[in-house]
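The structure appears right after this line, and notes come after that.
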Amino acid sequence: MNRILAHKKSIRNEALWGELRMPPWIPESEKRQVQALLPAFVDAVLNAQPIQDEILHLSSLIDLPLKCQWLSPDTSGFPDVDPGFLHIWLISASSAAKADMDSTYVQGGGDDHESWSLGLTPTMFWRHKDEILEYSDDVEAKIRDAVLADSTAAEPHRSSEITWLGSLGVGYAESVPAFTPSIGLIVDCSSRPLPQSDARILSASVAEGKADKNKLSKILPKVLNACRPILPHKQIVIVSTDSATCICVCLAILVEFFDETGVFSGEKHRSTKESIKSSLLFLQSSAGVAAAPPRWMLTDLNRYFLTQAENQPRILQKWRRDEHNASNQ
């Protein structure tokens, strides 16, 4: 995680000041590798249409290079502040480990929150924060109680606030909302969906956790087929208590039916890693999505789109056809 943050921060510094600055625990060999890749990364960031306005805005606010510093249980006093940098303070409950004679790094800052959050979402936390934060020897039990209370409270058509993604006509909610004249389809991706009698509610259950790292690609064919006749005439709502699942399904709809700037095309177009990344940037910059889904979910989504026949190079398509024909002879 320290390397990921360091690389992202270095891209920002390189884009703004033309100089690569790395933490002391990054070896020179790795620094040279990053240095060689940075020009292409910087060009990709600066030319990403959905976030150009944000880059210009940030550039007008930031006049110093960025520097990440960790505060952990092993921190003794507040670290010295270098006036030549804009410091980003990162707080962690993990222990620090010795990287070399002069520096340390903080362990366990990964993006696998879904494996240790016990199903607790940000919305659930704020709803039950007083009970969870009250001193107790068993915080996990309190979290499980909060998740169970929210899960058992869900009822068909229970009122649920919908988060709309800009003007795409696509949104998501934690529970099945009441239908309005503008909503044409509700996709229930809950891990334990409730029985539905309304044909406008599609059940596309996604299990919790990451034991099955292909679970997203398994539901996308039927979800996208169900969405095809709905857009752009009516709205679509994705339902799950897991916001990452909602965002990934919404991203798949954006990749399938919209261009990289959020304009509805309706026609299936060739998807690349770059176009999928641009669609995610659009969601984050123009549609109010604050955080990216876990990397393993994005990998599954990429795999789904990039392995479809129309997205494969022609020589690979021909090879697959030849293999198929040979096996049938």
Among the residues of the stretch 238-263, the number that are of a type outside the set (Asp, Glu) and either without any contact (Cβ under 8 Å) to a residue 60 or more places away in the chain or in a helix (DSSP H, G or I) (or both) is 15
Listed by first then second residue, the pairs whose first member lies in the stretch 70-96 and is farther than 21 Å from residue 22 by Cα, whose partner is open to solvent by less than 60 Å² (accessible area, probe 1.4 Å) and not in a loop (DSSP other than H, G, I, E, B), with beta carbons under 7 Å and at least 6 positions apart or on separate chains, are 74/96; 94/106
Those residues of the stretch 57-71 which are surrounded by 11 or more Cβ atoms within 10 Å (Cβ to Cβ) and either under 14 Å from residue 277 (Cα atoms) or among the aliphatic types (A, V, I, L, M) (or both) amount to 58, 62, 64, 66, 71
Of the residues in the stretch 35-52 that are within 19 Å of residue 259 (Cβ to Cβ) and free of Cβ contacts under 8 Å to residues at least 40 places away in the same chain, the one that is most open to solvent (accessible area, probe 1.4 Å) is 47
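The values are calculated or read from the model by the stated rules, or taken from the named source; none is laboratory data. Note that this is a predicted model, so its numbers are computed, not measured. A quick note on method: Cβ atoms are made from the backbone with ideal geometry, for glycine too, and the neighbour counts reach across all protein chains shown. For the accessible areas, the whole protein counts, side chains as well, though only heavy atoms, and no ligand, DNA or RNA atoms are used. Shrake-Rupley method; radii C 1.70, N 1.55, O 1.52, S 1.80 Å.
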